[in-house]
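Below is one structure; the comments refer to it alone.
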There are 2 protein chains.
Amino acid sequence: MTTSTQWHLVRRPHGEPVDADFALVQAELDAPGDGQLLVRNTFLSVDPYMRGRMNDAKSYVPPFELDQPMTGDAVGVVEAVGGTVSDATGAAVQVGDTVVHPYGWRTHALVEGRHTRVVDTELASPSAYLGVMGMTGRTAYAGLVRTAELKEGDRVFVSAAAGAVGSLVGQIARLKGASLVVGSAGGPEKVQWAVDEAGFDRVVDYKAQPIAAGLEEAAPEGIDVYFDNVGGDHLEAALSSLRLHGRVALCGAISAYNATEPVPGPSNLFQAIGKRLTLRGFLVSDHEDLRPEFEQEMAGWLADGRIAWRETAVEGIESAVEGFRSLLAGGNTGKMVVRL
Amino acid sequence: MTTSTQWHLVRRPHGEPVDADFALVQAELDAPGDGQLLVRNTFLSVDPYMRGRMNDAKSYVPPFELDQPMTGDAVGVVEAVGGTVSDATGAAVQVGDTVVHPYGWRTHALVEGRHTRVVDTELASPSAYLGVMGMTGRTAYAGLVRTAELKEGDRVFVSAAAGAVGSLVGQIARLKGASLVVGSAGGPEKVQWAVDEAGFDRVVDYKAQPIAAGLEEAAPEGIDVYFDNVGGDHLEAALSSLRLHGRVALCGAISAYNATEPVPGPSNLFQAIGKRLTLRGFLVSDHEDLRPEFEQEMAGWLADGRIAWRETAVEGIESAVEGFRSLLAGGNTGKMVVRL
């Protein structure tokens, strides 16, 4: 028997999540059955989209169930194998392998082998498979390449440029021929990182000036693509800045995730008519077909040192909720993970 | 010399246009020069988009100039021809021909032949070339077929279902295989016309109940396509109703055209992410390549009596401004025209 320490959602948060919405619970895990793996998690992912799953709202992913362990991506080491087990790609899984799987928010997990993927820890560190080589990277890639239909020469604006997805969007845009890469970030430290390390041309500190004015200075001729992680005033500023036939990839709206009242939408959406704009929402899970292309390109960029990548880690399973709340408040640069 | 009576914009309206924003002016027209036509207008078009041109705002079409005649589509009879004149398609133009051209808001116009099109008044009445067979019809067709990518079986919702564009959107959707055609209109008379004559399955009277509740009743399983002529609460209701991979053609936002303060956008735009919605603005002028296909299909439908079509006409050049203001207030069923 193995004991797993896991986070349950015990109450649906109203606005900002508070400690009483969660409980840390011990559970005993059986030995893996046939086709199963026992995994000791080493890194857990916390992501903004999880806030939506805490609500009891009809949505594209079912809400977290109350008094059950929450889920999310995790990376871990295989401690025991039930018979002969293959991962999602058909590769054999051995004790000691590092796998990525969807049973995060806990220290140990019993997982069907086919729900895991063995990852190459020589190519990238284990936690990178929650970030630059994982869902985060695929989100940036799919949203930019497919949803926003990035073209060479495009002027690109991305919000949360020091965040996990945003920092990759800017860099992928540059590597794929964008002529201008502008971002937004909150505070001088994040701005500096995005410019110096992630290579953004200009980054607006939205805490120091209104984003609309900042964007107009940073991209005086306007933008062709906006990758939206934020919603709110950022989307409104982008709609004003977008040029004819501009495109918006709607990825997230973190500014509203903790809102308890409806947040007004952009008052200038009508500009989409005259400028023939396209706004399109997307989920990375729709673009599984891009995975091989993404993994090959990203592995090459990483090997060549062409991608700057940063993590903010909190330590220990006890810190997972605190890490998640800090993420929603913008306390991270790059990918937020929990190190176990 | 021919005297033309024409409407000038003499002041930019603030909010709802008032009489003092316009002046009726006499101008003397020369005989047509080489390649020109003298046209006696018989019908003038007034359209919601003209409200935008009255503002001094950077937009996709330049604003009307002050103290100059306003422009817009018109139909008229050729009274004199300067030499040998061809229309936009290369067809010869003779005295007595009926042409459609962009110099409305006046009784007579001197027009370059290549800016006109000779129309077939046996196929449809002259004023139809401002409506069902003209820009109005092409707008409905392009927005539905191309921008909203209508597919057989789609559930379609269109606002302003008793309006010029909206009434055609519903009927074209039905003819092209929509499984449900829902509209909105203001007042029982318009609702009845849209259901009885234009063949909508259900039409919500947005003056009698909130559009969100009405749409939920009318399309309990949701919609796949929304054709937006209105903006505001209609767009918000549609975003809630739209199903996975739904599409919105943004055509107009008449609810905000006279607004003097920014109108908040839809508070539920974030639903576009989870439902992977596409919102796309369009102008009919971008889809000139669809014109032959549109004209052939629409002529066939008209000949077969499969399109219901209605006009609201005001009489005389003096009434043009009043007709335009009435249009913005929803005083029309079908296409609003000025009969001279």
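Being touching a strand residue (DSSP E or B) at 6+ places or on another chain (Cβ under 6 Å) and modelled with pLDDT of 95 or more narrows it down to one of B:244, B:250, so name that one.
Values: B:244 fails: touching a strand residue (DSSP E or B) at 6+ places or on another chain (Cβ under 6 Å).
Sole residue among the options that is touching a strand residue (DSSP E or B) at 6+ places or on another chain (Cβ under 6 Å) and modelled with pLDDT of 95 or more: B:250.
Give A:64, A:43 a once-over and let me know the one that is of a type in the set (Phe, Trp, Tyr), touching a residue at least 12 places away in the same chain (Cβ under 8 Å), surrounded by 17 or more Cβ atoms within 10 Å (Cβ to Cβ) and assigned to a loop (DSSP other than H, G, I, E, B). Break it down stepwise before answering.
Numbers: A:43 fails: assigned to a loop (DSSP other than H, G, I, E, B).
Unique residue meeting the criteria: A:64.
Taking only pairs six or more apart or across chains, which ones have beta-carbon atoms under 8 Å, a first residue in segment A:154-168 that is outside any loop (DSSP other than H, G, I, E, B), and a second residue that is basic (Lys, Arg)?
A:155/A:243; A:164/A:335; A:167/A:310
In the set A:265, A:274, which member is more than 21 Å from residue A:170 (Cβ to Cβ) and surrounded by fewer than 20 Cβ atoms within 10 Å (Cβ to Cβ)? Write out each step before concluding.
Working: A:265 fails: surrounded by fewer than 20 Cβ atoms within 10 Å (Cβ to Cβ).
The unique qualifying residue is A:274.
Condition (residue is closer than 30 Å to residue B:261 by Cβ and modelled with pLDDT under 95) applied to segment B:211-229: is it met by at least one residue?
Scanning segment B:211-229, I find at least one residue that is closer than 30 Å to residue B:261 by Cβ and modelled with pLDDT under 95, so the answer is yes.
Limited to segment A:184-218, what total is found for residues that are in contact (Cβ under 8 Å) with a residue 60 or more places away in the chain and either crowded, with 24+ Cβ neighbours inside 10 Å or under 21 Å from residue A:267 (Cα atoms) (or both)?
Looking only at that region, the number is 2.
Does any residue of segment B:126-133 turn out to be under 20 Å from residue B:304 (Cβ atoms), at pLDDT 95 or above, of a type in the set (Val, Ile, Thr) and under 13 Å from the mean Cα position of the chain (by Cα)?
At the first step, the residues of segment B:126-133 found to be under 20 Å from residue B:304 (Cβ atoms) are B:128-129, B:131-133.
Among the residues that remain, those that are also at pLDDT 95 or above are: B:128-129, B:131-133.
From what's left, of a type in the set (Val, Ile, Thr): B:132.
In the following step, the residues that additionally are under 13 Å from the mean Cα position of the chain (by Cα) were identified as B:132.
Checked segment B:126-133: at least one residue is under 20 Å from residue B:304 (Cβ atoms), at pLDDT 95 or above, of a type in the set (Val, Ile, Thr) and under 13 Å from the mean Cα position of the chain (by Cα).
Answer yes if at least one residue in segment A:10-20 is of a type in the set (Gly, Ala, Ser), modelled with pLDDT of 95 or more and surrounded by 14 or more Cβ atoms within 10 Å (Cβ to Cβ), and no otherwise.
Looking only at segment A:10-20, we keep the residues that are of a type in the set (Gly, Ala, Ser), and these are A:15, A:20.
If we keep only those that are modelled with pLDDT of 95 or more as well, we get A:20.
So of that shortlist, the ones also surrounded by 14 or more Cβ atoms within 10 Å (Cβ to Cβ) come out as none.
There is no residue in segment A:10-20 that is of a type in the set (Gly, Ala, Ser), modelled with pLDDT of 95 or more and surrounded by 14 or more Cβ atoms within 10 Å (Cβ to Cβ).
Quick check on my filter: what residues within segment A:187-206 are in contact with a strand residue (DSSP E or B) (Cβ under 9 Å, 6 or more places away or on another chain), of a type in the set (D, E, K, R) and outside any helix (DSSP H, G or I)?
Across segment A:187-206, the qualifying residues are A:201, A:202, A:205.
Are there any pairs, at least 6 apart or on different chains, whose C-beta atoms fall under 9 Å, with the first in segment A:81-98 and free of Cβ contacts under 8 Å to residues at least 60 places away in the same chain and outside any loop (DSSP other than H, G, I, E, B) and the second among the β-branched types (Val, Ile, Thr) and buried (at least 19 other Cβ atoms within 10 Å of the Cβ), and if so, which?
Listed pairs, sorted by first residue: A:81/A:93; A:86/A:93; A:92/A:85; A:92/A:118; A:98/A:75; A:98/A:78; A:98/A:118; A:98/A:119.
Quick one: residue A:78 ticks every box in (1) touching a Gly at 6+ places or on another chain (Cβ under 7 Å); (2) in a loop (DSSP other than H, G, I, E, B); (3) over 28 Å from residue A:249 (Cα atoms) except a single one, so which number is it?
With (1) touching a Gly at 6+ places or on another chain (Cβ under 7 Å); (2) in a loop (DSSP other than H, G, I, E, B); (3) over 28 Å from residue A:249 (Cα atoms) applied to residue A:78, the lone miss is (2).
The values are calculated or read from the model by the stated rules, or taken from the named source; none is laboratory data. For clarity, every value in this text was computed on a predicted model and none was experimentally measured. Every residue, glycine as well, gets a Cβ built from its backbone with ideal geometry; the counts of neighbours run over all protein chains shown.
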